[in-house]
Amino acid sequence: MTTHAAYGLPKVLKESWDLATRINPTGELSEPLPIWEANKALGQLDRFKPTQTDRDDMQRTWNQLTGLFLIDRNGIVRWVFVEAADGPSGMGTYPPEADLVTAAQIILR
């Protein structure tokens, strides 16, 4: 979690979000489900079998949002995406591949 903190990625505070918000981030579910039910259902679709370490990590970090960063060769962060920056409906969603490619092409110029 050191890297998450270093890059300023926020944690979700239970008080600040309605965790009953229904999501279907990948479009794979038959209908949007509450955040944690959607997480469980997607894991089942992927046939993910959590280990005790996975369960321990989830208890410790359940509310940690993820981020994507493109960093140039000089170590300067040039592009950032933070999961759910606009609220809980963005949980589990990420930018399209085309956005990443475009950002990388701009950075490499």
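The single condition from (1) at pLDDT 90 or above; (2) within 12 Å of the chain's Cα centre (by Cα); (3) closer than 18 Å to THR3 by Cβ that LEU70 fails is (2).
Across the range 64-81, the qualifying residues are those that are touching a residue at least 12 places away in the same chain (Cβ under 8 Å) and in a loop (DSSP other than H, G, I, E, B), and the one among them that is farthest from PRO10 (Cα to Cα) is ASP72. Scanning the range 84-104 for residues that are of a type in the set (D, E, K, R) and closer than 18 Å to GLN64 by Cα yields one hit, ASP86. On inspection, GLY92 does not qualify as more than 13 Å from PRO25 (Cβ to Cβ) and not hydrophobic (A, V, I, L, M, F, W, C). Answer yes or no as to whether THR102 is surrounded by 10 or more Cβ atoms within 10 Å (Cβ to Cβ) and more than 20 Å from THR21 (Cβ to Cβ). The answer is yes for THR102.
Selection of first residues in the range 82-95 that are on the phi > 0 side of the Ramachandran plot and surrounded by fewer than 16 Cβ atoms within 10 Å (Cβ to Cβ) and of second residues that are of a type in the set (Phe, Trp, Tyr) and not in a helix (DSSP H, G or I), restricted to Cβ pairs under 9 Å at least 6 apart or on distinct chains, gives the following pairs, ordered by first then second residue: GLY87/TRP17.
The values are calculated or read from the model by the stated rules, or taken from the named source; none is laboratory data. None of the values given here were measured: they were computed from a predicted structure. We place every Cβ from the backbone using ideal geometry, glycine too, and count neighbours over all the protein chains shown.
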